[in-house]
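FYI, it's all coordinate maths here, none of it is from the lab. A quick note: this is a predicted structure, and the numbers were derived from the prediction, not measured. Cβ placement follows ideal geometry from the backbone for every residue including glycine, while neighbour counts extend to all protein chains displayed.
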Amino acid sequence: MATRKAEWPESGDLVLASIQRITDYGAYATLDEYGKEGLLHVSEVSSGWVRNIRDFVREGQKVVLKVLRVNTEKGHIDLSLRRVSRRERREKVLSWKMERKADSLLRSVSEKLKMPPEEVRTKTGALLEEKFGGIYEGLEKAAREGPEPLIEAGVPKDLATTIAEVAKEKIKLPLVKVKGTMELQCMKPNGAVSIRDALLSAQKIEKPEGVKIHLYVVAAPKYAVEVSAEDYKEAEKILQTAAEAAIKTVTKAGGTGVFQRTK
């Protein structure tokens with residue numbers, strides 16, 4: 001349910017296709033995103049000699065192909081497998097998966113608001129693609145930051161609010177990591193215990209669900225603190241709070257502490 005695609009692909013486009021039938025001279029494939037059939041000629045299957053085309057493609061297989069030529073009058077589309085690089089194949093499959101996820105999320109929004117799918121598409125698709133580079137990227141932004149980025153992009157407030165709610169519910173955001181180094185010292189008789197308590201205090205600070213704090217020795221008196229969270233702003237805040245908690249604890253015990261953010 002992403003923004004409506006053109007009826008025909010253009011030369012040079014990468015397309016996801018399903019192999020339908022194989023002949024001695026090539027394979028016929030349906031372009032999943034367009035619903036049209038194209039021909040993958042045997043000469044475009046591999047750069048090397050093709051003894052048996054079935055060594056490279058089979059019926060029912062999904063493949064990423066490059067569009068060579070399009071003749072809309074005759075309804076012909078010529079395709080190539082050998083001209084698709086590994087990087088292009090990987091990126092196209094990832095893009096396709098993101099489009100499907102975006103489509104599913106917007107359908108959920110449509111059902112929740114009892115709004116026709118076409119209306120949701122019209123009011124969001126082009127705006128998200130223009131502002132964030134893609135519909136799924138916009139939905140992920142809403143999952144992280146709420147409806148405000150969508151509203152700024154021009155999405156109506158009530159629709160943006162519902163999109164953010166659905167996105168937060170259904171999108172599992174990848175965690176980001178930030179890191180710093182603490183130098184903790186305490187020359188008192190119970191100095192080792194004080195350092196341990198300082199590290200524990202950093203570990204036990206109040207933090208949102210899903211946030212993780214990892215502490216480890218670099219080389220005494222230096223200790224690394226690493227925070228994993230859903231966004232950098234939250235991670236940076238937790239990192240600073242954890243370091244402050246540790247320094248406060250060791251200072252109270254008669255020691256010293258210094259924190260430095262590392263890249």
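Packing here is the average count of other Cβ atoms within 10 Å per residue, and on that basis the peptides 166-176, 125-135, highest first, run 125-135, 166-176.
Given the Cα-Cα distance of Ile205 and Lys188 and 0.36 nm per residue of separation, how much length would full extension add, in nm?
Numbers: separation 17, 0.36 × 17 = 6.12 nm, distance 2.48 nm.
The span from Ile205 to Lys188 would gain 3.6 nm if fully extended.
Estimate the FRET efficiency between Trp8 and Leu113 by the formula 1/(1 + (r/R0)^6), using the beta-carbon distance for r and 30 Å for R0, to the nearest 0.05.
Values: r = 33 Å, r/R0 = 1.09.
FRET efficiency, Trp8 to Leu113: 0.40.
Using the beta-carbon distance between Lys233 and Asn71 and R0 = 45 Å, what value does 1/(1 + (r/R0)^6) give for FRET efficiency, to the nearest 0.05? Don't skip to the end; give the middle numbers.
Details: r = 52 Å, r/R0 = 1.15.
For R0 = 45 Å, the calculated efficiency reads 0.30.
Within the listed set Glu226, Glu152, Glu73, the residue fluctuating most in the Gaussian network model of the chain (springs between alpha-carbon atoms under 10 angstrom) is Glu73.
On the basis of the beta-carbon distance and an R0 of 41 Å, Ala126 and Lys222 show a calculated FRET efficiency of 0.20. Only Cα sites of segment 14-82 enter the Debye sum here, all with the same form factor; the resulting log10 I(q)/I(0) across q = 0.14, 0.28 1/Å is -0.35, -1.37, listed in q order. For the pair Lys157 and Arg86 in one chain, pulling the backbone fully straight at 0.36 nm per residue adds 21.5 nm over the alpha carbon distance.
Our summary gives segment 87-170 a relative contact order of 28 percent, counting only alpha carbon pairs under 8 angstrom and 6 or more residues apart.
Excluding same-chain neighbours fewer than eight residues apart, the aspartates and glutamates reachable from Lys112 by a Cα-Cα span under 14 Å are Asp158, Glu165, Glu169.
In percent, rounded to a whole number, the relative contact order of the chain is 14, using alpha-carbon pairs under 8 Å and six or more apart. Segment 218-263 and segment 7-72 have their alpha-carbon centroids 55 Å apart. With a cut-off of 8 Å between alpha carbons and a minimum separation of six or more residues, what is the relative contact order of segment 170-238 in percent? Worked out over segment 170-238, it gives 45 percent.
Going Cα to Cα from Lys248, which lysines come in below 25 Å? Please leave out same-chain ones fewer than 8 positions away. The reachable lysines, counting only those whose Cα sits under 25 Å from Lys248, are Lys177, Lys179, Lys188, Lys204, Lys207, Lys212, Lys222, Lys233, Lys237, Lys263. Among the trypsin sites (Lys or Arg not before Pro) found in segment 95-124, those both in a DSSP coil and sparsely packed, with 13 or fewer other Cβ atoms within 10 Å of their Cβ, are Lys114. Note on Lys170: aspartates and glutamates with a C-alpha under 15 Å away, same-chain residues under 8 apart excluded, are Glu99, Asp103, Glu111, Glu137, Glu140, Glu145, Glu230. Given the choices (i) 20.0; (ii) 22.7; (iii) 14.6, mean projected area of the Cα convex hull in nm² derived from the coordinates of this structure is entry (i).
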